[in-house]
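Undergrad: The structure under discussion is supplied below as structure tokens; questions concerning it will follow.
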Amino acid sequence: MSNTPQAGIFNEESTHFYFLEYGLNDKDREAVKQALAETLKACKIQYSEVSVVVSFGEKAWHFLQPSWMPATLTSFKTLQGQQGHQAPSTQADLFFWVHGADISQVFDVALLVDQKLKQIADLVLQERGFRYHQNLDLIGFEDGTANPETEELKREAAVIADGLSGAGGSLVLSQKWVHDLDKWDEIPISCQEAVVGRTKIENIELEGEAMPDDSHISRTDLKVDGVPMKIYRRSAPFGTVTEKGLLFLAFGCELLRFTSQLESMYGLTEDKKIDQILNFSKAVNSSYWFAPAQEDLHALLQGS
Ligand code: HEM
């Protein structure tokens with residue numbers, strides 16, 4: 001029997017999202033496990049409509065479950081791209097992705113998580129994402145179009161395969177991107193389309209000579225040794241009228257899915273070309289995580 005991914009990963013009905021990251025401050029493994037078990041139990045009992053996906057950084061997983069490591073998991077290391085672009089590592093220990101359709105309930109759960117975790121961890125990032133029009137990013141293009149479509153394809157892209165350590169779980173990349181929308185709005189739509197690699201209104205992929213090598217699609221639609229580097233993206237826009245952008249979030253079956261795309265975006269490839277989207281948005285937070293399968297999460301927290 002295959003392990004079961006955390007259900008919230010695939011719930012696409014949500015319109016409100018909280019991204020909460022924590023650094024552990026308690027050296028007592030059992031105290032941390034107990035706080036986590038109580039948090040998840042309270043969320044489940046009181047708010048069954050809200051999805052809570054919990055993920056662990058490499059060090060935190062090793063601390064809590066020293067007997068095994070998920071296949072390919074590492075901490076995020078700062079990426080120094082061509083032309084001065086950078087994706088700084090802000091790797092933390094715990095990542096709670098709380099989402100649902102009712103903002104009141106989603107907010108209640110975010111408060112509950114924070115209240116329960118206070119005793120063992122420090123909050124290092126909190127952001128609130130939202131669905132913007134018909135799944136648009138704030139740059140005005142639909143986000144998520146090329147995601148795998150069927151349940152089977154989503155699982156293939158997002159879930160560690162049977163037989164590997166951590167099977168049924170996922171590798172996760174989270175990044176906070178801050179957009180320069182003033183700069184973006186200054187360029188004509190045809191140039192925006194060349195940056196993304198799709199048309200803005202019809203949302204059709206550019207073809208042939210019309211598709212630049214340095215468009216976002218060209219830099220991320222990749223194959224490594226003939227294997228398509230598919231990931232399952234669950235990003236959400238966030239922001240205020242001053243700071244705004246994208247909470248990028250993606251689930252993958254192996255870390256290579258993310259590292260190959262990021263290296264290609266930052267020009268760390270033979271052609272040294274950077275993704276043109278980097279000239280309009282800046283990654284300010286980046287972490288890799290492991291979202292264990294329900295069975296592994298249960299085993300970790302058992303008895304706590
Ligand atoms: C400022 C940050 C970003 C923005 C605004 C953004 C926006 C978009 C948009 C509008 C699309 C086209 C529609 C779609 O298929 O979803 C897209 C596609 C895609 N993005 Fe991003 N993205 C960002 C960062 C990233 C990052 C960091 C990665 C990977 C590490 C990534 C991976 C992908 C992939 C794999 C696709 C689909 C490519 C294909 O057509 O197969 N994106 N993104």
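The values are calculated or read from the model by the stated rules, or taken from the named source; none is laboratory data. Not measured: the values here are computed from a predicted model. Backbone-built Cβ (ideal geometry, glycine too); neighbour counts: all protein chains shown.
Undergrad: Taking Lys116 as meeting all but one of (1) surrounded by fewer than 18 Cβ atoms within 10 Å (Cβ to Cβ); (2) more than 16 Å from the ligand (Cβ to nearest atom); (3) among the charged types (D, E, K, R), write down the number of the exception.
TA: Of (1) surrounded by fewer than 18 Cβ atoms within 10 Å (Cβ to Cβ); (2) more than 16 Å from the ligand (Cβ to nearest atom); (3) among the charged types (D, E, K, R), only one is false for Lys116: (1).
Undergrad: Could you list, in sequence order, the residues of segment 129-146 that are crowded, with 18+ Cβ neighbours inside 10 Å and away from the ligand (no atom under 12 Å from the Cβ)?
TA: Scanning segment 129-146 gives a single hit, Gly129.
Undergrad: When the residues of segment 64-88 are filtered to those that are under 13 Å from Thr259 (Cα atoms) and in contact with a Phe, Trp or Tyr (Cβ under 6 Å, 6 or more places away or on another chain), which remaining residue is surrounded by the most Cβ atoms within 10 Å (Cβ to Cβ)?
TA: It comes out as Phe76.
Undergrad: Related question: Filter segment 216-244 for residues that are hydroxyl-bearing (Ser, Thr, Tyr) and touching a residue at least 12 places away in the same chain (Cβ under 8 Å); which is nearest to Asn285 (Cα to Cα)?
TA: Ser235
Undergrad: Then there is this: Identify, by number, the condition in (1) part of a loop (DSSP other than H, G, I, E, B); (2) surrounded by 20 or more Cβ atoms within 10 Å (Cβ to Cβ); (3) of a type in the set (S, T, N, Q) that Gln175 doesn't meet.
TA: With respect to (1) part of a loop (DSSP other than H, G, I, E, B); (2) surrounded by 20 or more Cβ atoms within 10 Å (Cβ to Cβ); (3) of a type in the set (S, T, N, Q), Gln175 is out only on (1).
Undergrad: Something else: Is it true that Gly169 is crowded, with 20+ Cβ neighbours inside 10 Å and modelled with pLDDT of 95 or more?
TA: yes
Undergrad: Can you run down the residue pairs with Cβ atoms below 7 Å, 6 or more apart or on separate chains, where the first is in segment 260-273 and over 17 Å from Pro228 (Cβ atoms) and the partner is of a type in the set (Val, Ile, Thr) and part of a loop (DSSP other than H, G, I, E, B)?
TA: Matching pairs, first to second residue: Tyr266/Ile274; Gly267/Ile274.
Undergrad: Find all pairs meeting these conditions: Cβ atoms under 9 angstrom apart; at least six residues apart or on different chains; first residue within segment 182-200 and in contact (Cβ under 8 Å) with a residue 24 or more places away in the chain and more than 16 Å from Pro212 (Cα to Cα); second residue aromatic (Phe, Trp, Tyr) and within 10 Å of the ligand (Cβ to nearest atom).
TA: Filtered contacts from segment 182-200: Lys183/Phe280; Trp184/Phe280.
Undergrad: Just one of (1) of a type in the set (S, T, N, Q); (2) surrounded by fewer than 19 Cβ atoms within 10 Å (Cβ to Cβ); (3) out of contact with any strand residue (DSSP E or B) (no Cβ under 9 Å at 6 or more places or on another chain) trips up Gln192, so point out which.
TA: Only one criterion is unmet by Gln192, namely (2).
Residue-by-condition table, conditions (1) under 23 Å from the mean Cα position of the chain (by Cα); (2) surrounded by fewer than 19 Cβ atoms within 10 Å (Cβ to Cβ):
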position	(1), (2)
Lys200	no, yes
Asn203	yes, yes
Ser215	yes, no
Thr220	yes, no
Lys223	yes, yes
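Undergrad: Hey, another quick one. Pull out all pairs, ordered by first then second residue, where Cβ-Cβ is under 6 Å, the residues are six or more apart or on different chains, the first lies in segment 107-120 and is farther than 11 Å from Tyr18 by Cβ, and the second is among the charged types (D, E, K, R).
TA: Once the first residue is farther than 11 Å from Tyr18 by Cβ and sits in segment 107-120, its partners that are among the charged types (D, E, K, R) give Lys116/Glu38; Ile120/Asp26.
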